[in-house]
1. Among the numbered criteria (1) touching a residue at least 24 places away in the same chain (Cβ under 8 Å); (2) out of contact with any helix residue (DSSP H, G or I) (no Cβ under 6 Å at 6 or more places or on another chain); (3) under 17 Å from Arg95 (Cα atoms); (4) not in a helix (DSSP H, G or I), which one does Ser229 miss?
2. Which of the residues spanning segment 115-131 are touching a residue at least 12 places away in the same chain (Cβ under 8 Å), part of a loop (DSSP other than H, G, I, E, B) and either open to solvent by less than 10 Å² (accessible area, probe 1.4 Å) or not small (Gly, Ala, Ser) (or both)?
3. Filter segment 166-190 down to residues that are part of a loop (DSSP other than H, G, I, E, B) and at pLDDT 90 or above and give me whichever is least open to solvent (accessible area, probe 1.4 Å).
4. Would you please name the residue that is modelled with the highest pLDDT, looking only at residues in segment 72-102 that are assigned to a strand (DSSP E or B) and either among the aromatic types (Phe, Trp, Tyr) or surrounded by fewer than 19 Cβ atoms within 10 Å (Cβ to Cβ) (or both)?
5. From Gly105, Gly112, grab the single residue that is open to solvent by less than 60 Å² (accessible area, probe 1.4 Å), more than 30 Å from Val287 (Cα to Cα) and in contact with a helix residue (DSSP H, G or I) (Cβ under 9 Å, 6 or more places away or on another chain).
6. Check whether at least one residue in segment 205-215 is open to solvent by 40 Å² or more (accessible area, probe 1.4 Å) and at pLDDT below 90, and report yes or no.
7. Output the qualifying pairs, or none if there are none: Cβ atoms under 6 angstrom, residues six or more apart or on different chains, first residue in segment 283-311 and over 15 Å from Asp267 (Cβ atoms) and among the basic types (Lys, Arg), second residue open to solvent by 60 Å² or more (accessible area, probe 1.4 Å) and not in a loop (DSSP other than H, G, I, E, B).
8. Take the residues of segment 22-38 that are in contact with a helix residue (DSSP H, G or I) (Cβ under 8 Å, 6 or more places away or on another chain) and not in a helix (DSSP H, G or I): which is least open to solvent (accessible area, probe 1.4 Å)?
Amino acid sequence: MEAFGSAFAGLPYFNPLMMVNRSETCAATKLAQCRFLGVNMNDISEKFHRGPEHSPDLTEDEWRARKTVIEQVERLTETQHLPWLPILSKYEIARGSAKKERDWGHLLFINGTTTRYLLVMIFPDECQCGNFSHHDYDALTKYHANKLLCLAKYIWHTEQPPDWIRATYLTPTSGYNIPTAFVQWLQKEHNDGTALAGLKRCYHIDVKDVVPALTLSEVERIDAVLKRSEAEKTPVAVRNALIGKEKPDVHGEAWKAGVVRSCAFCDTMPAPGGILKLMTCSRCKLVQYCSKECQAKAWPAHKHFCKKPTA
């Protein structure tokens, strides 16, 4: 995407946030783009109108599960004034911030207000081995819902701050069927989540109840993203109020596995069982390279996107 975007970098009106990627995994970038370009421009539905072979960022099972959910949400909300549109199919708070498998959020929807969100986590069936359990799914879903709301509050701390997020998780046994109440009544001006009372696996978090969950490393990366749009720097008071040490209370070893990344220039990945030490761009901290040579070759394109946050 950077190589493609650099072709337009010489234009006087160019802004890195103009480059929309349907396979974007950076939640900070996508939320900023929703305000900068509009929600419709960030709708990733079309990604699921084609076959799974066109979505290399997802396995075939992940792609089919998300397609099923997107079609359900579309049907259940088609009569609402502001439709709910999917903007992320798998995400981390900011590019390069996910360290463990537990750090990935899944399918995120937003409506035209850009202040309300639906999060659908998609997991394997629960098992007796301890790796996949209701306890972990419950903890991860609440954790990512709260963290996404922290991010939205960090980015939009003044104009049109976020209202709330609603979250659930689905498994193959459930047929990936969303509870009707999860998406109904969402257009009401005052929605405190009472419609979800008594429903299993459904959660509602209001912005006033958010728990500080952003790490200092994530905040630095978020600032680098926001610097691309020359957005006003987030006040120190807001920043400090949203930095916390909350971690999901998960026990399965599957969620503790490290995230495997590739070089941002040559896409080199470690061999199975091997280790590839990547170097992070010291300026924006958003991209990683396998060598100084790759970093130098990437610079002509990356320099238009690489922004150092104001200290």
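1. All conditions are met except number (2).
2. Matches in segment 115-131: Thr115, Phe123, Pro124, Asp125, Glu126, Asn131.
3. Thr171
4. In this case the residue turns out to be Tyr91.
5. Checking each option against the conditions leaves just Gly112.
6. Checking segment 205-215: not a single residue is open to solvent by 40 Å² or more (accessible area, probe 1.4 Å) and at pLDDT below 90.
7. From segment 283-311, the pairs are Lys285/Glu220.
8. This residue is Cys26.
The values are calculated or read from the model by the stated rules, or taken from the named source; none is laboratory data. No experiment lies behind these values; they were computed from the predicted model shown. Cβ coordinates were reconstructed from backbone atoms using ideal geometry, including for glycine residues, and neighbour counts include every protein chain displayed. Calculation scope for accessible area: heavy atoms of the full protein, side chains included, ligands and nucleic acids excluded. Shrake-Rupley method; radii C 1.70, N 1.55, O 1.52, S 1.80 Å.
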